[in-house]
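Report on one structure; see the data block that follows.
The values are calculated or read from the model by the stated rules, or taken from the named source; none is laboratory data. Keep in mind that this is a model prediction, so the values were computed, not measured. Cβ: placed from backbone, ideal geometry, glycine included. Neighbour counts: every protein chain shown. Ligands, DNA and RNA are excluded from the accessible area calculation, which covers all protein heavy atoms including side chains. Shrake-Rupley method; radii C 1.70, N 1.55, O 1.52, S 1.80 Å.
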Amino acid sequence: MKPPSGEAAGYRPMRGGREPAAAKPPSLDYIDFIDAPAVRDHLRRLPPLPPAQQCILIAQSEIRSLTDKLAALREIRDATPPQEFARGCWTFQCNDPFPVIIDRYIRTREERLARMRKAEPGVIYFAEDLDGSWVGDMFSTFEAALASVNPPLREDDDPPWIVRRPIDEPSGEILEAKLTRGRKIAEITVKRHHDSECGRDWGGELQNGYAHVPHPFKCGDIVRQFGDTYCVLAEDAKDSDGGFPHGADWSDMRLHGVTWDLRTGTFAHDHNILFTKYGTELVDPADLPDKQRMLAAVSLVMRGEYSLAEFLECFTNGRRKTLEEESMKLA
């Protein structure tokens, strides 16, 4: 059940704009923890986000190491009076004060890092794909399992996870380390455990919070994720300017769009474009691969620069090539 909105749910409305947060060294700038180039470039032109929103974005990062994330979070925590964390637009599915949430994240991740790297009798390590299948052999140390993950990865490949698991203890704690593309630990989750502290409500985890993130996207923009996934953003792409969905979490930091499949000749609705992740970037129509050029026409229609009636007539009467060529010229 999602909690009620308002301050009891952890949401604090913005009043009078954003105030600059404490300055940080460039290596620990929260913007550098965001995976999406388009969002990074946009935020660099704006005042810093409030500290709580910065912390949520840092915890959600999949491109920086957990060690870097903890260093950045400690720096913000030490430099920020507790009442300052109330500023901004953010929410959690729990009622814990933000200082409690960030302190818990720092403490539990420090403990998990230490356990992940501690070799013990009866504990094995192995690499695991996203579908849960093992990759390679079993090892007695984290370092050996990590060394088995051989680069380079393709642009659209995700690194496997490194799993730490007790052999003969069914109720024992299983740790799973998510890796960056540079084979650094980005996050450690607990899959099964007996430690009641690790069993806290999912909604109180720092990385699972919702933070409003100003973005440059608008209806009709063409974006790319994962290196080779293209879509045109739909009508709801406009920045909410500080609003947030009721009972929101990290999965609400998303946009909707339309994808095109040349092989089947069909469009599909993509309702899960997590715009701060997966290398999201804006794409010029001229840079679209040939098999995605139909998106240039869709973009023009959504922007109101091409007649919907003409688009439908061309598309349904076998004139798709003409439609693509005309759209590329107009775009």
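Some points to look at:
- Relative contact order for the range 58-170, counting Cα pairs under 8 Å that sit 6 or more residues apart, in percent: 21
- The Cβ shell under 13 Å around A331 holds other residues with a net charge of -4, Lys and Arg each +1, Asp and Glu each -1.
- Between E169 and E325, the distance separating the two model label sites (each 7 Å from Cα on the Cα→Cβ line) works out to 6.9 nm.
- Distance between the 7 Å Cα→Cβ label points at N272 and H256: 1.6 nm.
- Restricting the range 63-149 to trypsin sites (Lys or Arg not before Pro) in coil, as DSSP defines it, with at most 11 other Cβ within 10 Å: K118
- Fully extending the segment from D236 to R303, taken as 0.36 nm per residue of separation minus the present Cα-Cα distance, adds 22.8 nm.
- Positive contributions from Lys and Arg (+1) and negative ones from Asp and Glu (-1), summed over other residues with Cβ under 10 Å from the Cβ of L274, come out at 0.
- Cα→Cβ-extended label distance, 7 Å offset, between Q83 and M138, nm: 5.7
- Residue-wise HN-Hα coupling along the range 86-98, computed from phi with Karplus coefficients 6.51, -1.76, 1.60 (Hz; x: Gly, Pro): 6, 6, x, 10, 7, 7, 10, 8, 7, 9, 5, x, 4
- Accessible surface area normalised per residue over the range 260-329 is 56 Å², counting heavy atoms of protein chains with a 1.4 Å rolling probe.
- Cα-Cα over 29 Å, subset of K118/K277; K238/K291; K118/K191: K118/K277
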